[in-house]
Structure formats: C-alpha cells, structure tokens
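A.B. asks: Have a look at the structure that comes next, please.
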Amino acid sequence: MSYNWNWDIFLSPTPSGESTYLGWLLDGLQWTLTLSLGAWIMALVLGIGLGVLRTVPNRLLAGSAAAYVEVFRNVPLLVQLFIWYFVLPELLPTTLGDALKQTDPLAQQFFAALLCLGCFTAARVCEQVRAGIASLPRGQRNAGLALGLTLPQTYRYVLLPMALRLILPPLTSEFLNVFKNSAVASTIGLIELSRQSQQLVDYTAQAYEAFIAVTVLYVLINVLVMFGMRLLERRTRVPGYIGSK
Amino acid sequence: MEEFDWTSIPGALPILADGMLITLEITATAILIGILWGTVLALARLSGNRPLAWLAAAYVNLFRAVPLVMVILWFYLIVPTLLQRWFGVSQSSDIRMISALVAFALFESAYYAEIIRAGVQSVPKGQVDAAFALGMPYHLTMRLVVLPQAFRNMVPLLLTQAIILFQDTSLVYVIGLADFFGAAYKVGDRDGRLVELLLFAGAVYFILCFGASLLVWQLQKKYST
C-alpha cells in the first residue's frame, strides 16, 4: 500500500497558525466531554423525575411519562437532533426564533445538541429508574405510607435511595452511550471529536492517523468511565442483592 | 411562527420510497450478517480456547466503545482501498452503499454477539452435559441443543436490537448516502421545506418503530407464559 504514515502531522501547525493539529483534537475532545457531561446531568435529573412519574398511582401522570419515553425512543437520534436544530427555531414565535438564529452558530449547535442528547438519554434513564422502582418489594412503598410518610417522602427516603443503587450498572452503560451518541452532533457542524477527525482528513489527507487518534480517544473515555463507575458501584452496592459481596 | 406547507411531500414520495428501500436493505443485511457473525463471535468468546475468546472479546469491546458515526467513517475510508486492491474496483465508482453495508454488518455483530452470549449462558448447563453424555460432539450440541433454546429466549431482544438498528441506519447521512432520512433531508433542502420534511420523517420513523415495538411486546407476552 502506498500510504505515507506521518505521525508528526499532529505537531505541525494548522493553516491559521494559531494551533497544532493536536490542539484541534484536544479542542474536539473538550467539546465532546462538555456536551456529554452536560447532557448526562440533564438526562439524570429529567430521567429520574420521569421514572418516578411512571410509577405514581395517577394514570394521567404515568401515561404522559410513558408517552414521552415512546416518542424519544422511537425516533432516530439524528432526526431528533435535526428537529431541535432546524425545526425548533421555526416553531417558536417569530421574534424569539429570529433572535435565536442571530446568536453565535457554535452556541446554537451546542445547545441544540445538548437539549437533544439530554432529552433522548432521559427517556432511557427513565426506563431504568422505573425498572429499579418496580424491582423493589411492594411492601417498601406500603411500609413507607403506613408510617405516615407522604407519597413524595416515600419516594425521597424509601424508594429512590434503594432503586438508584440497584440500577447503577445499567446506568453505567447509558453513561457510556452518551459519549458515543455525542458524535452525532458532528452532523450539525459542532466541532467535537469525530468532526475534528474529518476536518483533519480534509486539511492534511492523513486519514488513518486522524481516525486512529480519535478512535483511541473514544476508547480511553470508555475505559475511564467504566473504571470510575465500577468504583462507584462497589461503594454503593446493596448488601444481600446479586452482585454484592 | 411559519405556516406549514406540506405540498412538497406527495410529489416526493417516490424519492422517499427509494430512500426507505436503502434503509431497509441496510437493516436487513446488518440483521442477517449481524446474527450469523454475532453467533460465531459469541461462541468464540464462550469457547475454552483462550486466544480465540480473547480475540472475540477484543472485537466486541472495540466496536462497542466507538461511536457508530466513527465506524461508518472508518469503513468509508478502508473499504474503497481494499476493494481497489483486491478486486480492482476503481476508486471513483460509488462505494458508499457497500461501505455502509460492511460497516453496519460488522458493527451490529458486536451488539448481537453480546445478546447471543447472554442467551447461550441462559441455557441450563445440564443441557450441555446431557448432550455430551449422549455422545454428541461440540458442534452438534450447539446446533441441536443449545442454540435453538438460546434463540427462543433471545427473540424479543434480537427484535428490539433490530428496531434500534433500523433507527441507526439514518447515520449513513454522514457519508452522504440517501437513505430514507437522507432523502427527506434532500427534498426538504431542495424545496426550502426542511421543517415539514423533518417532521414528516420523524413521524414515519415513530409510527414504524412504535408499531414494531408493540408487536415485539405482544410476542414477548405470548412467549413468556
């Protein structure tokens, strides 16, 4: 194969001269991390709220949360992203929509991607939380209520502390998914990690180096997250349940 | 807020249908190869052969650690070069479809391998012992005893994965292939009616995927009793 390997390419300056190609990659890494962590926090808050709603004894609330999950689970992430990015500004009142279109394009891309990933992941977190609450013995809820706790208190002090500890392993894989899904943001032009790899190919034609570097970075993120979550799982394990020692 | 104008959709239906064909073609290929190659990977991972098990695990973990977007871009880079070297296909011919097919098939295999591994492990160990005691060699034990039971347990999970895969095919957008979503985007862009076409595409995906997941749910209820 007549391919010229050139790993030094990462140290050479970019056309604008302000940075090196390695600097570009690290910029992309920063966007990937910011976007993913932001979306993950949003997904946790929204997802736990929705997961609780799905299990409350009120058909309207439980039904709305279920509808949310079905909508966000059955439309491809890419379509959702394009709807947040292209459609939402058109659906807002004209003045607000125009004001939105006037803002910095990078901010527009970032917030569209953040809202999209956050809402998408929230649907998945919601299902895990619901499963966690459903896996608890019925007696727990009844005991809480019998002690005179209100329903919100029962969730706050009895059900959620147990359920969240039980669902930590499946949440780990959702957390990993957020980082992988953040690559979809490259389609609307956000210069995160996978977009930077394409940009590097366009500028340097050293496609293999760029792709290998970015792939290694994704694998590293994956390994770090798994390692961190495993430590957390070990600390929060519930004695007496499968997986605990 | 703009007024909606849906008039460009009826005329665009043939283009959208062509796109849907590509979507279905990729989905079907990836399911078929994914399950076959995924079974091989799962069995390799469960086999007593350490290097083989390690290789299969490395394959599965690598593909599961990397975003699908990157995998599609990778294969769009590699496949044309290989095709040219092995079959002398010229670089200029349109190889986006082949690249996408290869990328999805190999990527999905990693996910199917994990489902199938869990399915095989869910078969009681006594079944394997019984088959060996009857004098069956390994491949017969797997083919006639373990895999049929494992697949029966896995049907809902395999189908759910297929629905996810169907949605994920929209990502071929990154290499400019006009699947259903790509076609909808192109039409919307051409007619200046992106808002309507995106909402339409979202609605179509929702109806198909929600309908399919209802079927899977029914099937699950029937099998579990």
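Quick note: the coordinates plus some simple rules give every number you see, no bench work behind them. Remember, predicted model here, so these are calculated numbers, not experimental data. A quick note on method: Cβ atoms are made from the backbone with ideal geometry, for glycine too, and the neighbour counts reach across all protein chains shown.
A.B. asks: Normalising by the residue count of segment A:30-192, find the relative contact order in percent from Cα pairs under 8 Å and 6+ residues apart.
C.D. replies: Reported as a whole number, the value is 37 percent.
A.B. asks: Treat the count of other C-beta atoms within 10 Å as a stand-in for reagent exposure and order B:39, A:14 from fewest to most.
C.D. replies: Going from sparsest to densest Cβ surroundings: A:14, B:39.
A.B. asks: Can you tell me the relative contact order of segment B:10-224? Whole percent, Cα pairs under 8 Å, sequence separation 6 or more.
C.D. replies: So the answer I get is 28 percent.
A.B. asks: Just to compare against my own numbers: the Cα pair-distance distribution for the protein assembly as shown, 10 Å bins, whole % per bin, please.
C.D. replies: Computed distribution, short to long bins: 4, 16, 27, 27, 17, 7, 2, 0.
A.B. asks: Here is a follow-up. Spin-label point model (7 Å from Cα, Cβ direction): what's the residue B:58 to residue A:92 distance in nm?
C.D. replies: Those two pseudo-labels are separated by 5.0 nm.
A.B. asks: Also, quick follow-up: Between A:61, A:22, A:147, which gets the highest mean-square fluctuation from a Gaussian network model of chain A, Cα cutoff 10 Å?
C.D. replies: Most flexible of the set in this elastic network: A:147.
A.B. asks: Something else now. So, R0 is 45 Å and r is the distance between the beta-carbons of residue B:122 and residue A:106; what FRET efficiency does that work out to, to 0.05?
C.D. replies: About 0.40, to the nearest 0.05.
A.B. asks: For segment A:1-111, what is the charge dipole size about the Cα centre, in debye to the nearest 20, if Lys and Arg each add +1 at the Cβ and Asp and Glu each add -1 at the Cβ?
C.D. replies: Once rounded to the nearest 20, the dipole reads 620 debye.
A.B. asks: Along Cα→Cβ, 7 Å out, is where each label goes; now give me the distance between the ones at residue B:133 and residue A:230 in nm to one decimal.
C.D. replies: For residue B:133 paired with residue A:230, the spin-label model returns 3.7 nm.
A.B. asks: Which value in deg cm²/dmol, rounded to the nearest 500, describes the helix-derived mean residue ellipticity at 222 nm for chain A, given -39,500 (n - 2.57) per DSSP H run of n ≥ 4 and division by the residue count?
C.D. replies: That comes out to -23000 deg cm²/dmol.
A.B. asks: Which value, in debye to the nearest 20, gives the size of the charge dipole of chain B about its Cα centre, when Lys and Arg are +1 and Asp and Glu are -1 at the Cβ?
C.D. replies: 1200
A.B. asks: Here is a follow-up. When each pair of different Cα atoms in chain B is counted once in the 1/r mean, what is the Kirkwood radius in angstroms, to one decimal?
C.D. replies: After inverting the pairwise mean of 1/r, the radius is 19.8 Å.
A.B. asks: At 222 nm, what helix-only mean residue ellipticity would chain B give, in deg cm²/dmol to the nearest 500, using -39500 (n - 2.57) for each DSSP H run of four or more?
C.D. replies: It comes out at -27000 deg cm²/dmol, rounded to the nearest 500.
A.B. asks: Continuing with this model, one more query. If the cut-off is a Cα-Cα distance under 25 Å, which lysines reach residue B:125, setting aside same-chain residues fewer than 8 apart in sequence?
C.D. replies: Here the lysines satisfying the reach criterion relative to residue B:125 are A:245.
A.B. asks: Residue A:223 to residue B:6: FRET efficiency via 1/(1 + (r/R0)^6), r the Cβ-Cβ distance, R0 35 Å, to the nearest 0.05?
C.D. replies: Plugging the Cβ-Cβ distance into 1/(1 + (r/R0)^6) gives 0.15.
A.B. asks: 5 Å is the cut-off here: which amide hydrogens, built 1.01 Å from N in the peptide plane, fall below it relative to residue A:20, excluding neighbours closer than 5 in sequence?
C.D. replies: A:14
A.B. asks: What would the Debye equation give as log₁₀ I(q)/I(0) for segment B:110-225 at q = 0.09, 0.12, 0.15 Å⁻¹, counting only Cα atoms as equal point scatterers?
C.D. replies: -0.42, -0.63, -0.79
A.B. asks: Over segment A:1-70, what number does the Rg to Rh ratio reach, with both radii from the alpha-carbon atoms and Rh per Kirkwood?
C.D. replies: For segment A:1-70, the value is 1.42.
A.B. asks: Going from the alpha-carbon gyration tensor of segment A:30-192, what semi-axes, largest first and in whole Å, does one get by taking the root of 5 times each eigenvalue?
C.D. replies: Working from the Cα gyration tensor, I get semi-axes of 34, 18, 12 Å.
A.B. asks: Could you work out, residue by residue across A:201-207, how many beta carbons of other chains sit within 10 Å of that residue's beta carbon, and then give the average as an integer?
C.D. replies: Per residue, the average neighbour count from other chains is 1.
A.B. asks: To continue, here is another question. Starting from the alpha-carbon convex hull of segment B:20-124, give the projected area averaged over all orientations, in nm².
C.D. replies: With every direction weighted equally, the projected area is 7.9 nm².
A.B. asks: Report the calculated FRET efficiency for residue A:237 and residue A:59 (r = Cβ-Cβ distance, R0 = 25 Å), to the nearest 0.05.
C.D. replies: Step by step, r from the Cβ atoms, then E = 0.10.
A.B. asks: Among B:18, A:8, which comes first, second and so on when ranked by fewest other beta-carbon atoms within 10 Å?
C.D. replies: With the sparsest Cβ surroundings first, the list reads A:8, B:18.
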